[in-house]
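Worksheet: one structure, shown below.
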Amino acid sequence: MAVNLATALAQAGKKTLLVDMDFQAVHDMARMLNLTPRHCIVQILPELEKDASPYLIKKFALTHQCGLDFIPAILHAKQAGHITSETIKPFFKRATQAYDFIIIDGGKAFSETIVSVFDHSNLIFLVATPDILAVYQLKWTLEMLQSLHFPLKMIKVILNRAESRGGVAWQEVRSALNCEIFALIPSDGKTVGMALNRGVPCVIDNPKAKVSEAFVKMAAELMQRQDIYVQPAVEVLEVKRREVLPGTDDYWTKVGVAPDVPSGAAVAAVKEEDEVVALKKRIHEKLVARLHVEELTAEVLGDPAKAAELRRSAEKIVSNLLLEEKGAMIASHEERARLVREIIDDALGLGPLEDLLKDPEITDIMVNRRDEIYIEKNGRLILTNKKFLSDQHMRTIIDRIIAPLGRRVDESIPMVDARLPDGSRFNAIIPPLALNGPALTIRKFGVERLSLDELLNKYHTLDEAMRDFLNACVIGRRNIVISGGTGAGKTTLLNMISQFIPDNERIITIEDAAELRLKKSHLVASGKPNRPMSRARGK
């Protein structure tokens with residue numbers, strides 16, 4: 001397919017480069033063209049840094065009699081390790097400057113390198129035969145590409161041996177796939193077989209055959225139709241305006257957090273009214289409209305199976321919307337995946353709080369307003385560059401958190417204090433009590449508790465004499481008051497002291513927010529219930 005399509009394009013006068021990147025069948029494409037390559041892409045990579053000429057690749061490629069240039073990725077299996085997603089990028093950037101068309105045979109196996117090649121392509125052909133097994137495999141491949149956030153517009157199907165007896169009709173294939181069938185290649189085993197044995201593309205060996213005419217027609221469409229291509233890939237979304245405090249370490253900006261902000265510093269330490277935020281807002285609005293998010297109940301979002309299916313559907317929609325809104329595909333699939341995840345988190349999850357809640361090192365999340373989110377990590381207070389899209393978006397996330405708990409917040413009850421299922425403490429306040437828009441705080445409930453041995457031998461926060469004294473106080477039934485500021489370690493110390501309580505004693509705990517984890521069998525724990533505030537009624 002790749003050989004004959006590239007040949008047809010070259011015969012039409014187009015500068016065409018044919019690249020063999022099928023590592024499982026090295027040299028088969030060279031034999032189809034009756035060529036013996038002495039150079040490969042691996043050998044060109046070091047030269048790309050020395051020679052800036054766009055025609056460097058042509059010096060190493062073999063030119064076929066039809067006019068196309070051919071080069072394999074590797075000549076020997078041992079060279080496969082030198083072709084990676086990073087090393088292959090400079091090659092295709094240079095090739096794009098010298099050729100009208102670059103046809104790549106990617107083989108039949110997904111790899112990080114092939115996905116990187118897709119990132120720098122503007123059209124992907126999936127080749128299949130009209131049988132049930134092939135259609136199922138094609139459907140799986142299509143799902144895989146969409147899970148990597150490639151827009152559906154750039155994926156087309158070529159149905160090979162389309163008129164085979166006993167094959168599935170192309171109309172049925174089309175109905176089974178949500179994808180355009182770009183070309184139907186007729187079955188002509190005799191013509192193709194003879195051409196392969198001679199080492200000559202069938203469009204040259206027998207140009208009047210129906211299969212040859214199908215390739216020529218497909219090449220003509222590639223030259224004439226511009227609507228089938230996505231625009232050239234965009235490497236990154238550039239920030240239009242960004243102000244960072246002097247001395248900001250660039251590393252913290254890259255990973256999504258800025259360093260500690262000095263007391264009294266302007267709230268606008270990080271301004272990000274940029275292309276990314278505007279893009280996310282537009283796509284978020286369209287996604288909410290298409291999925292009717294307002295109509296989704298807490299039961300649907302709370303059901304893992306239904307939520308996963310809804311998220312998969314949303315990913316496909318967002319991938320296509322990214323292309324529509326940006327006008328070009330974002331080259332890095334990591335960047336695409338990040339944007340898709342953030343947009344879906346905004347629409348279906350907890351928005352910018354999702355990643356923060358998953359980070360086990362973050363102990364506190366403090367949202368002063370929609371564009372000012374602080375975290376406490378490893379004892380340090382850090383201003384992040386995450387933000388909500390709007391005050392209304394923040395209100396939606398608050399409602400999404402407290403709805404399953406049976407709580408609500410509105411103008412009549414503008415403050416809510418609740419305990420999340422994992423034990424974390426959640427507090428939110430909205431106007432009119434909050435003057436600068438909604439605000440919230442999440443005090444995360446640590447999964448692991450420090451043991452007495454860790455406090456004694458690892459962190460050295462107390463010595464053996466202190467341990468023995470506290471043990472004696474518990475055994476002697478003395479009253480013990482533990483006090484301190486937020487995050488000082490009160491709960492950690494109390495958990496440690498509880499280990500001294502004999503197992504035959506009954507323990508009753510009374511907490512405003514349940515944070516204690518006492519490893520005792522005879523225990524009654526009590527705390528503030530998660531229920532709405534009641535209103536007194538009377539005459």
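The values are calculated or read from the model by the stated rules, or taken from the named source; none is laboratory data. None of the values given here were measured: they were computed from a predicted structure. Backbone-built Cβ (ideal geometry, glycine too); neighbour counts: all protein chains shown.
A few remarks follow.
- Evaluating Ala214 against the criteria (1) aliphatic (A, V, I, L, M); (2) farther than 15 Å from Met1 by Cα; (3) in contact with a strand residue (DSSP E or B) (Cβ under 9 Å, 6 or more places away or on another chain) leaves one unmet condition, (2).
- Residues within the stretch 57-91 that are more than 20 Å from Ile103 (Cα to Cα), in a helix (DSSP H, G or I) and either in contact (Cβ under 8 Å) with a residue 60 or more places away in the chain or not small (Gly, Ala, Ser) (or both), tallied: 3
- Number of positions in the stretch 152-162 that are within 11 Å of Leu123 (Cβ to Cβ) and not in a strand (DSSP E or B): 2
- Test: Gly485 is part of a loop (DSSP other than H, G, I, E, B) and either touching a helix residue (DSSP H, G or I) at 6+ places or on another chain (Cβ under 9 Å) or within 20 Å of Lys519 (Cβ to Cβ) (or both): no
- Considering the conditions (1) more than 15 Å from the chain's Cα centre (by Cα); (2) modelled with pLDDT of 80 or more, Glu324 is excluded by exactly one of them, (2).
- The criterion of at least 3 residues that are without any contact (Cβ under 8 Å) to a residue 60 or more places away in the chain and in contact with a helix residue (DSSP H, G or I) (Cβ under 6 Å, 6 or more places away or on another chain) is met by the following helices (runs of 4 or more DSSP H) wholly inside the stretch 1-56: 41-50.
- Whichever residue in the stretch 177-225 is among the aliphatic types (A, V, I, L, M) and more than 18 Å from Phe125 (Cβ to Cβ) and, among such residues, is surrounded by the most Cβ atoms within 10 Å (Cβ to Cβ): Ala195
- Number of the exception - Ala10 against (1) farther than 26 Å from Ala219 by Cα; (2) among the small types (Gly, Ala, Ser); (3) in contact with a Gly (Cβ under 8 Å, 6 or more places away or on another chain): (1)
- When we screen Met1, Met29 for residues that are buried (at least 21 other Cβ atoms within 10 Å of the Cβ) and of a type outside the set (Asp, Glu), the only hit is Met29.
- Number of positions in the stretch 97-140 that are among the aromatic types (Phe, Trp, Tyr) and surrounded by 15 or more Cβ atoms within 10 Å (Cβ to Cβ): 4
- The listed residues are Val168, Val173, Val192, and the only one of them that is β-branched (Val, Ile, Thr), out of contact with any Leu (no Cβ under 9 Å at 6 or more places or on another chain), without any contact (Cβ under 8 Å) to a residue 60 or more places away in the chain and more than 19 Å from Ala6 (Cα to Cα) turns out to be Val168.
- Of the criteria (1) at pLDDT below 90; (2) surrounded by fewer than 13 Cβ atoms within 10 Å (Cβ to Cβ), which one Thr248 fails: (2)
- Residue in the stretch 144-157 that is farther than 25 Å from Glu309 by Cβ and either in contact (Cβ under 8 Å) with a residue 24 or more places away in the chain or surrounded by fewer than 17 Cβ atoms within 10 Å (Cβ to Cβ) (or both) present: yes
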